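Student: Sharing a structure, written as structure tokens. Questions coming.
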Amino acid sequence: MLAFNAQQVALMIQGKVEGDATVEVTQFGKIEEAKQGEISFLANPKYEEFLYSTKASIIIINDSQVLKEKISATLIRVPDAYAAFATLLTKYQELKAANMVGIQTPSFIAPSAKLGAQNFIGAFAAISENVQLGENVKVYPNVFIGENVQIGNNVTIHPGVVIYFDCKIGNNVTIHAGSIIGSDGFGFAPKADGSFQKVPQLGNVVIEDDVEIGSNTTIDRATIGSTIIRKGVKLDNLIQVAHNAEVGNNTVIAAQTGISGSTKIGKNVMVGGQVGFAGHISIADGTKLAAQSGVTKTIKTPNQTLTGHPAADHTTALRSQVYVKNLPELEKRVKELEILVQQLSKKG
Amino acid sequence: MLAFNAQQVALMIQGKVEGDATVEVTQFGKIEEAKQGEISFLANPKYEEFLYSTKASIIIINDSQVLKEKISATLIRVPDAYAAFATLLTKYQELKAANMVGIQTPSFIAPSAKLGAQNFIGAFAAISENVQLGENVKVYPNVFIGENVQIGNNVTIHPGVVIYFDCKIGNNVTIHAGSIIGSDGFGFAPKADGSFQKVPQLGNVVIEDDVEIGSNTTIDRATIGSTIIRKGVKLDNLIQVAHNAEVGNNTVIAAQTGISGSTKIGKNVMVGGQVGFAGHISIADGTKLAAQSGVTKTIKTPNQTLTGHPAADHTTALRSQVYVKNLPELEKRVKELEILVQQLSKKG
Amino acid sequence: MLAFNAQQVALMIQGKVEGDATVEVTQFGKIEEAKQGEISFLANPKYEEFLYSTKASIIIINDSQVLKEKISATLIRVPDAYAAFATLLTKYQELKAANMVGIQTPSFIAPSAKLGAQNFIGAFAAISENVQLGENVKVYPNVFIGENVQIGNNVTIHPGVVIYFDCKIGNNVTIHAGSIIGSDGFGFAPKADGSFQKVPQLGNVVIEDDVEIGSNTTIDRATIGSTIIRKGVKLDNLIQVAHNAEVGNNTVIAAQTGISGSTKIGKNVMVGGQVGFAGHISIADGTKLAAQSGVTKTIKTPNQTLTGHPAADHTTALRSQVYVKNLPELEKRVKELEILVQQLSKKG
């Protein structure tokens, strides 16, 4: 655990110390739960009451914050407490990562593998022939990297990740634990007797720069060519990306979503959790999909918000839901009309 | 494989032996499939026919069971055959676990890690700095435990599990293979150019006592504070629990369900498979959710049974399904009314 | 990387070389993207234009293909270019696998484990007591195989797979990275105080011949007896198969589908992605289920195509969707009828 005093923290976020500048912290905490030795922040006025009761040793607050009572914690004042706290968290993680260098033993590194500077290879990591790692690559324990895999600079691969042969990973990529990159696409050709013949999957997966992938997500290699995750994409946990799919720049996809084979998701798309995409379709840039939607057709018009199965315009879908809810009422009205019309007919 | 004779089994479940008390078994089997050397039970009268044809060497039966034919297997009579069989299975697993003690090599145990008594550390397990393990902790091969993780007593961690730094696990917890505890929450702030800035995730995951977690489930660490799995919770396989979520005491969740960020599930809730929960909502104690439901709003009234997307009262939802099914009929009735009314109008 | 010249490739697929028979290739590529040193094929006339612009060194084409321009690449002519290419891919993978033999160190192999001929055991693989492996079994790094597991011939187990004790795997089986075979079924009996008592899961998983399992899929062991994956089944990624379920011969299931406990899927069934099956039901042979369906009841009639939640006949379900979409229109017609009938009533 790294320790910092209030003066050091203030330097990192360009703030002004009020109180004891020598008090030390080793942990981050929420203002309502923080304990001694922890640093917290106050940005949302809703939480102001905790400012006077928290046990945090240091609190980052806005320059504009007026104090109603005396506070025992050391304060650090900044123009924007939330932004300053986020900056601090990022710097803390960078410092921690910078300390993680070297090769733990035993690990398995094939003779032809090339490692860059400032690398970390954890115990029981297996790095196969002809693998190329850039600089500042952190490979946690129990990771497997297959033959000919190329990885850029500033990449973190968490424990248990498996990267199959021939895949390519860009710069500034993070892959969380248990994710599988480059397993075989699901391709089988039916035979006359009802059994299936495997279609060999010999393409790869290409992950561009600035991508983050959650835990236990699976991205299958292409049959031929590449399954592509474009620059800046963020994938959550337990997502399935099938063979030859492509996810466009800066698209964000929540957990448990599945993308079928050869489907192409555009740029700046936002996808909720548990969404399903059929195969061989394309999704326009800027599309927003509500959780649990099912997308069965190509979406050509950009920037729509869609929901439901099959996915439809959000407003229309919500209106349909209301109509369905009111069906018993509608049926009652039809029944009443039938009685009235029958009476009128008799009269007539 | 452990072997027991009928006399030893009878002692374990306080039953009375009928037949050869020296016959040995090494496996458990269903009465309709059991082979020689296996032990089985008969509780459900539906299966009585198999009592006379089974090849099981030992059968546990109810005191009240009347035999219609002679049986070659050794019988053990007890007041409740099903309960006695379950007791036997549990004792068998405890005996097996008690035999599992020691440290396989190579494994990686950081110098500052503290191990309790009766621990097992499997080959290729990696235990980081400042980890604390209680007594009777079984860590299977290829497990990764990050820095500062605290684990209680009587905990079993199956192969390939990854526990990130700072997480806390209580007593009597079982985590099945491939589950990921404490990976980063999915937090990214949009930037002006359409790309995203990572929000550091520096909280942790707290798992309380008596929790069981299935295989390949993912539980993300909180941004700040803790993602919490309360006492007695049972999670199935491939479940996603997002950052800052909380699952209440004795709640049971089936496979492939997803819980979004900051959502709070109450106590004694039962959730079917493939259910999705939106973020920042809370679910009342005792709620029951049918499989594939989508919960988009806070549920305040306890003990409701809900289904569908968006989740609605089970009875109402089923009624809606019937109305939707009858829509062609309703449309026909409206058409007939239109014709009748047109005729009446002409007459009028 | 293996290298072949055009003459060698032609021999493997029984084709005729046109051009330089000594040109070498080391990679496969799509005709529209292929680079020098790569081999490609042309089967679909839609792609003919690329035949004249591709940089591929070798192209496999149909005997019937007429050339409109001169081509610099070496051609190999065959009766069916697509089939020949698939044959080549398969032979390539077989050659690669045949080269993978031996035991990497360190790995953990229990003294009582039995290994067959032509086996490969990767670094950090852990093979427990009484495990039996057939011939030509490839165990990649970081795999865990529990006690008494039996595995047939020609089996490939990718990195990070976990197979719990007592499970049985047939011949010609492939299990992709991170899949978990034989974790505990989700069985808990409610107690009077609202907490749950674990029901021990002491059965196993049986995987028959010719099965392929994707990555991060979970198959739970039976409570007693076996969870069974029959001959020729193909499972995609992130699938959940619960305890005591059975999947019939040559059934194909797409990613993220979940099968609840004791459910029996028939033969030659095709299941889309994200489908859910309730527990204790059975699905007739030849059933086809659309993606995201929810199957709540037994399906007795074979060879139906079903969709939706609850799953219904595909045509009926699509018709229901149209009726729901037209509900606003229907409501409007009822409103107009009400006005007309009111006017008629007044007149009357």
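Student: Kindly indicate whether B:D285 is buried (at least 22 other Cβ atoms within 10 Å of the Cβ) and of a type in the set (D, E).
Tutor: Considered against the rule, which asks whether it is buried (at least 22 other Cβ atoms within 10 Å of the Cβ) and of a type in the set (D, E), B:D285 comes out as no.
Student: Give me the residue from the range C:315-335 that is buried (at least 17 other Cβ atoms within 10 Å of the Cβ) and within 33 Å of the chain's Cα centre (by Cα) and, out of that set, nearest to the other protein chains (Cβ to nearest Cβ).
Tutor: Only one residue tops the list, namely C:S320.
Student: Hey, can you tell me all the residues within the range C:192-207 that are over 35 Å from the mean Cα position of the chain (by Cα) and more than 9 Å from chain B (Cβ to nearest Cβ)?
Tutor: Residue satisfying the conditions is C:A192 alone.
Student: Considering only the range C:162-173, state which residues are in a strand (DSSP E or B) and within 21 Å of B:N142 (Cα to Cα).
Tutor: Scanning the range C:162-173 gives C:V162, C:I163.
Results for (1) buried (at least 23 other Cβ atoms within 10 Å of the Cβ); (2) under 29 Å from the mean Cα position of the chain (by Cα); (3) aliphatic (A, V, I, L, M); (4) more than 13 Å from every other protein chain (Cβ to nearest Cβ), shown as yes or no for each residue.
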residue	(1), (2), (3), (4)
A:T22	no, no, no, yes
A:V25	yes, no, yes, no
A:F28	no, yes, no, no
A:Q36	no, no, no, yes
A:Y47	no, yes, no, no
A:F50	no, no, no, no
A:V66	no, no, yes, yes
A:K70	no, no, no, yes
A:T74	yes, no, no, yes
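Student: Which condition from (1) basic (K, R); (2) more than 27 Å from the chain's Cα centre (by Cα); (3) modelled with pLDDT of 95 or more is the one that C:K297 breaks?
Tutor: Just one mismatch for C:K297, condition (2).
Student: Here's another thing I want to ask about it. Being modelled with pLDDT of 95 or more and more than 7 Å from every other protein chain (Cβ to nearest Cβ) is the requirement here; does B:I180 meet it?
Tutor: no
Student: Hand me the list of strands (runs of 3 or more DSSP E) wholly inside the range C:1-78 holding 3 or more residues that are out of contact with any Phe, Trp or Tyr (no Cβ under 8 Å at 6 or more places or on another chain) and modelled with pLDDT of 95 or more.
Tutor: So the answer is C:16-18, C:74-78.
Student: Those residues that are within 16 Å of A:P106 (Cβ to Cβ), outside any strand (DSSP E or B) and at the interface with chain A (Cβ under 8 Å from one of its Cβ atoms), I need them from the range B:104-142; list them, please.
Tutor: Those that are within 16 Å of A:P106 (Cβ to Cβ), outside any strand (DSSP E or B) and at the interface with chain A (Cβ under 8 Å from one of its Cβ atoms): B:P106, B:F124, B:N142.
Student: Residue by residue through the range C:224-238, note down the ones that are within 11 Å of chain A (Cβ to nearest Cβ) and under 22 Å from B:Q274 (Cβ atoms).
Tutor: Across the range C:224-238, the qualifying residues are C:V233, C:K234, C:L235, C:D236, C:N237, C:L238.
Student: Can you tell me how many residues in the range B:300-314 are more than 12 Å from chain A (Cβ to nearest Cβ) and more than 23 Å from the chain's Cα centre (by Cα)?
Tutor: Number satisfying all stated conditions: 3.
Student: Now a separate question. Go over the candidates A:T263, A:T218, A:T257 one by one and state the one that is within 21 Å of A:C167 (Cα to Cα), crowded, with 24+ Cβ neighbours inside 10 Å and hydroxyl-bearing (S, T, Y).
Tutor: A:T218
Student: With the requirement that a residue be under 20 Å from C:Q304 (Cα atoms), assigned to a loop (DSSP other than H, G, I, E, B) and within 14 Å of chain A (Cβ to nearest Cβ), what does the range C:239-267 give you?
Tutor: If the condition is that a residue be under 20 Å from C:Q304 (Cα atoms), assigned to a loop (DSSP other than H, G, I, E, B) and within 14 Å of chain A (Cβ to nearest Cβ), then C:G248, C:N249, C:N250, C:T251, C:A254, C:T257, C:G266, C:K267 are the ones that fit.
Student: State whether one or more residues within the range B:156-164 are aromatic (F, W, Y) and more than 7 Å from every other protein chain (Cβ to nearest Cβ).
Tutor: Among the residues of the range B:156-164, at least one is aromatic (F, W, Y) and more than 7 Å from every other protein chain (Cβ to nearest Cβ), which makes the answer yes.
Student: When residues of the range A:187-232 are filtered for being closer than 25 Å to B:I181 by Cβ, assigned to a loop (DSSP other than H, G, I, E, B) and aliphatic (A, V, I, L, M), how many remain?
Tutor: Number of matching residues: 1.
Student: Which numbered condition trips up B:T105, out of (1) among the polar types (S, T, N, Q); (2) touching a residue at least 24 places away in the same chain (Cβ under 8 Å); (3) within 30 Å of C:N142 (Cα to Cα)?
Tutor: The one condition B:T105 does not meet is (2).
Student: Also, I was wondering about something else. So, in the range C:206-238, exactly how many residues are under 24 Å from B:T218 (Cβ atoms) and in contact (Cβ under 8 Å) with a residue 60 or more places away in the chain?
Tutor: Adding up the residues that qualify gives 1.
The values are calculated or read from the model by the stated rules, or taken from the named source; none is laboratory data. This one's a predicted model, so the numbers in the text were calculated from it and none came from an experiment. No Cβ is skipped: glycine too gets one built from the backbone with ideal geometry, and neighbour counts run over all protein chains shown.
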